[in-house]
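Please read the structure below before turning to the comments.
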Amino acid sequence: MKIIITLLRAALTVAFLYFGLRKLTSGAADVAIYDAIGFGQWPRYVTGTVEVLGAIGLWVPGVQGFAALLLMATVMTGTLALLLFTTLPFWHLILLTVACAAVAYAYAAQIGARLPRA
């Protein structure tokens, strides 16, 4: 199981570094998507930064689970934006969400240990 999670983290890192850097370097497709969404370009920079930092966080001891949750929330927000404001395909985002959820689940003990106790 550990090998599968490591492979998932590696695949997610490649995907989020690719998409995050593409957003940060103003890739034409990303600029068009954010134009179609209609909130301007600033969310593209925020999303790209979160994706790059989250991809790095998947390898930082002690924060892997939180990085996976952050990336999962980012993908879910992106999926919702595509569904509400565009007609672009979104199925690949569902796969990314499931992969992020699997990594977060694998690090559930790490996440639980850092949550405040009542």
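What is the sum of charges around Ala106, taking Lys and Arg as +1, Asp and Glu as -1, for the other residues whose C-beta is under 14 Å from the C-beta of Ala106?
That sum, taken over residues with Cβ under 14 Å, equals +2.
Find out how many positive minus negative residues lie around Leu24, taking Lys and Arg as positive, Asp and Glu as negative, among other residues whose Cβ is under 10 Å from that of Leu24.
Net charge in that neighbourhood comes out at +1.
By how many degrees, 0 to 90 and rounded to 10, does the Cα axis of helix 64-85 deviate from the longest principal axis of the chain?
Once rounded, the angle reads 30 degrees.
Label-point separation (nm) for Arg117 and Ala28, each offset 7 Å from Cα along Cα-to-Cβ?
5.7
Give me the net charge for the shell around Ala36: Cβ to Cβ below 15 angstrom, other residues only, Lys and Arg +1, Asp and Glu -1.
0
Taking the Cα centre of segment 1-72 as the origin, how large is its charge dipole in debye, to the nearest 20, when only Lys and Arg (+1) and Asp and Glu (-1) carry charge on their Cβ atoms?
200
Say the dipole of the chain comes from +1 at the beta carbon of Lys and Arg and -1 at that of Asp and Glu; which of Tyr107, Ala73, Ala55 then lies farthest toward its positive end?
Among Tyr107, Ala73, Ala55, the one farthest towards the positive end of the dipole of the chain is Tyr107.
Give me the base-10 log of I(q)/I(0) for segment 66-118 at each q in 0.16, 0.28, 0.29, 0.31 Å⁻¹, Debye formula, one uniform scatterer per Cα, rounded to two decimals.
Reported log10 I(q)/I(0), two decimals: -0.52, -1.00, -1.04, -1.12.
Mean residue ellipticity at 222 nm from the helices of the chain, using -39,500 (n - 2.57) per DSSP H segment of n ≥ 4 over the full residue count, to the nearest 500 deg cm²/dmol?
On the way: 6 runs with 94 residues, N = 118.
The per-residue figure over the chain is -26500 deg cm²/dmol.
For Tyr45 paired with Ala11, estimate the spin-label separation in nm (one decimal), with each label point 7 Å from Cα along the Cα-to-Cβ line.
In this crude spin-label approximation the distance works out to 3.4 nm.
Against the longest principal axis of the chain, how steep is helix 91-106, in degrees 0 to 90 to the nearest 10, with axes from Cα atoms?
It works out to around 20 degrees.
Could you pull out the longest piece of the chain with no exposed loop chymotrypsin sites (Phe, Trp or Tyr not before Pro) in it, calling a site exposed if DSSP puts it outside H, G, I, E, B and it has at most 13 other Cβ atoms within 10 Å?
60-118
Bear in mind these aren't lab numbers, they're just calculated from the coordinates by the rules spelled out. Computed from a predicted structure; not experimentally measured. Note that we place each Cβ from the backbone using ideal geometry, even for glycine, and neighbour counts take in every protein chain shown.
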